[in-house]
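Structure first, commentary second.
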């Protein structure tokens, strides 16, 4: 066999073997790790963590923590990062991940958390946050989608404090919402597809949830801590479309009537008794009255309905003259969303 060709085949096989072995230890969604089950000084491999770049060290520490009494400490060399990751058993179309991060106030360099490809050792990151100290007081947070794309400024944080970052990735439409310390920081941010072609390694998939003290700039070791690492699939809420009837269907603004009555019919498979009356709103503004509420079949069509009432004066205050749509929103008892609309005539 040609020596060069044989070596290339061997390396490809070795790469596939490493990928297969790593994938065998993939964590399942939903995933959450607060490192509380790992003794201080131990590596959290029992929770699925694996070493990517060796740096100096990585172990569970009780020195600082976001919750509980432990966190995961990573330390890099000058010019050689420390990166660790868990393999995700799957990457759904709608994936949320979250990290709480503490860059060491004196040794924190360039911290990186997010997704990376598991196709090669030198594989790219994608859809990740970079957290760095600008000076001794203020740190900056950026987000990078596709490899090589410009970093998007997300916000700042106080050096010496924990910072929590979260990405709500939607691979179906190619965007993400970004959160910083529980507040929405950006919406509709472009993201790297979860599967793509990478020039140096070919096919790649963003199936690593990774954290790294990426001290490529040198100038000393770097230290970071991570805690409360989470990843889970988001589901688009199901909305039940209701057929609603407003009585009266002509609303006179001069009327002194007390209530407007709304009858709600649901599609087959749903019962009006499952509606949560306390969640019902007209035009996102007027809540249903707590009484009276009744189930029946007011129009005698064989389909059960729920009767609720709304303040006539409050509804009328929202409506201009003419033909107007009224929208009903709410929830079923199990949290399933409910929506319907009808048209009324508004006169004076």
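Got at least one residue in segment 313-331 being farther than 18 Å from residue 342 by Cβ, surrounded by 14 or more Cβ atoms within 10 Å (Cβ to Cβ) and under 32 Å from the mean Cα position of the chain (by Cα)? Break it down into steps so the answer makes sense when it comes.
To start, the set of residues in segment 313-331 that are farther than 18 Å from residue 342 by Cβ comprises 313, 317, 331.
In the following step, the residues that additionally are surrounded by 14 or more Cβ atoms within 10 Å (Cβ to Cβ) were identified as 313, 331.
From the residues that got through so far, the ones that are under 32 Å from the mean Cα position of the chain (by Cα) too are 331.
Yes; the residues of segment 313-331 include at least one that is farther than 18 Å from residue 342 by Cβ, surrounded by 14 or more Cβ atoms within 10 Å (Cβ to Cβ) and under 32 Å from the mean Cα position of the chain (by Cα).
Among the residues of segment 153-163, those that are crowded, with 17+ Cβ neighbours inside 10 Å and within 21 Å of the chain's Cα centre (by Cα) comprise 154, 155, 157, 162, 163. Residues that are at pLDDT 95 or above, farther than 15 Å from residue 224 by Cα and assigned by TED's automatic domain parsing to the domain that holds residue 214 are absent from segment 52-62 altogether. Is it the case that some residue within segment 104-118 is crowded, with 23+ Cβ neighbours inside 10 Å and touching a helix residue (DSSP H, G or I) at 6+ places or on another chain (Cβ under 9 Å)? So far as segment 104-118 goes, yes, one or more of its residues are crowded, with 23+ Cβ neighbours inside 10 Å and touching a helix residue (DSSP H, G or I) at 6+ places or on another chain (Cβ under 9 Å).
The values are calculated or read from the model by the stated rules, or taken from the named source; none is laboratory data. Predicted, not measured: the structure shown is a model, and the values here were computed from it. Ideal geometry is used to build each Cβ from the backbone, glycine not excepted, and the neighbour counts take in all protein chains shown.
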